[in-house]
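For reference, the structure is listed below as structure tokens.
Read-outs: derived from the displayed coordinates by stated rules, not from any lab. Worth saying up front: this structure is predicted, and the values here are computed from it rather than measured. With ideal geometry, Cβ positions are generated from the backbone for all residues, glycine too; neighbour counts draw on all protein chains shown.
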Amino acid sequence: MKSIKHGGLLVAFLLLCHPSWSQDKLALSLSDCRHAAAQHSEDLAKSQNAVAQAELDRKIAATYMLPSIQGSATGLYVLPDIDMMGVDLLMRGTYMAGINLVQPVYAGGKIAAGR
């Protein structure tokens, strides 16, 4: 009785461990390998670009908290005098310059949401 039991276990073990059932063979051609490598490389490059873009977006959002400086300059030179309703305007050399400094104090949470 014991030998039949052991014999059945031995047969079941041999059937389960047979190489054709335990391993499926994967046949790949050279073109399949090249295609898989190119696709993997493209996906890897896209993911690296996405990470780099996210880092740059974070840096850009952080710069919105910094003050911004803008400048402008205007020059006007008129040769003849201008007569405006009987009043002579002498505008022979008019120049203007300006500098603006803007520091965001409150932007409705826009800056914090961007970070």
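Using a cut-off of under 13 Å, list every residue of the stretch 38-53 whose amide N is near the label point 7 Å from the Cα of Leu26 along the Cα-to-beta-carbon line. Of the residues in the stretch 38-53, none has backbone N under 13 Å from the label point off Leu26.
Could you list the residues of the stretch 92-114 with an amide nitrogen less than 19 Å from a label point located 7 Å from the Cα of Leu76 in the Cα-to-C-beta direction? Counting backbone N atoms under 19 Å from the label point, the list is 92-99.
Extension gain, Ala62-Val87: 0.36 nm per intervening residue step, less the Cα-Cα distance, totals 3.6 nm. Using 0.36 nm per residue and subtracting the Cα-Cα separation, the extra length available between Val51 and Ala36 on full extension is 3.1 nm. Near Arg58: Cβ cut-off under 15 Å, other residues only, Lys/Arg at +1 and Asp/Glu at -1. The net charge is +1.
Report note on the peptides 42-49, 60-67: ranked by the mean count of other C-beta atoms within 10 Å, highest first, their order is 60-67, 42-49.
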